[in-house]
């Protein structure tokens, strides 16, 4: 049943269980990605319910996290993508950024918190850079750099 599309609630529930297992086993997203043999951003997004993993990667991730055969199957299912609710922008360019955050927002959050701790990336102490570069396969690519100061949450 690999690559089937199932109830998005099942993927969300698995994401919660997987993150709990990651924490319980003191694993990093990079360690999980290394086990899967794929990039850290892709594997993090997949575990958080935004991508389907190939069968061998799903087995490796589930094995590392101590998850069952149902989890292996769910990790291979094509998800209903989107992790952020709210109104959908109508401008095509803005919509694509919205789409990127829908798919990778929880991944970015997980990786920032893992590397920096509890806090935020400032949008005030912040720089943005957009560059056009040649695509090796032809055409052009956009390289967008978001550079914000990390601000830790302060207890009070």
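Restricting 138, 148 to residues that are over 15 Å from the mean Cα position of the chain (by Cα) and at positive phi narrows the list to 138.
Restricted to segment 75-97, and to residues there that are free of Cβ contacts under 8 Å to residues at least 12 places away in the same chain and in a helix (DSSP H, G or I), the residue that is farthest from residue 153 (Cα to Cα) is 92. Screening 50, 76 for residues that are assigned by TED's automatic domain parsing to the domain that holds residue 100, farther than 18 Å from residue 111 by Cα and either in contact with a helix residue (DSSP H, G or I) (Cβ under 8 Å, 6 or more places away or on another chain) or buried (at least 23 other Cβ atoms within 10 Å of the Cβ) (or both) leaves exactly one candidate, 76. Exactly one residue out of 146, 128 is touching a strand residue (DSSP E or B) at 6+ places or on another chain (Cβ under 8 Å) and either more than 22 Å from residue 45 (Cβ to Cβ) or part of a loop (DSSP other than H, G, I, E, B) (or both), and it is 128. Of all residues in segment 54-74, exactly one satisfies the criterion of being farther than 16 Å from residue 16 by Cα and in a loop (DSSP other than H, G, I, E, B), namely 54.
Here is a yes/no grid of residues against (1) surrounded by 14 or more Cβ atoms within 10 Å (Cβ to Cβ); (2) assigned by TED's automatic domain parsing to the domain that holds residue 154; (3) touching a residue at least 12 places away in the same chain (Cβ under 8 Å); (4) in contact with a helix residue (DSSP H, G or I) (Cβ under 7 Å, 6 or more places away or on another chain):
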{"residue": "20", "(1), (2), (3), (4)": "no, no, no, no"}
{"residue": "29", "(1), (2), (3), (4)": "yes, no, yes, yes"}
{"residue": "36", "(1), (2), (3), (4)": "yes, no, yes, yes"}
{"residue": "72", "(1), (2), (3), (4)": "yes, no, yes, yes"}
{"residue": "105", "(1), (2), (3), (4)": "yes, no, yes, no"}
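The values are calculated or read from the model by the stated rules, or taken from the named source; none is laboratory data. As the structure is a computational prediction, the values presented were derived from the model and not from experiment. Please note: Cβ atoms are built from the backbone with ideal geometry, for glycine as well, and neighbour counts cover all protein chains shown.
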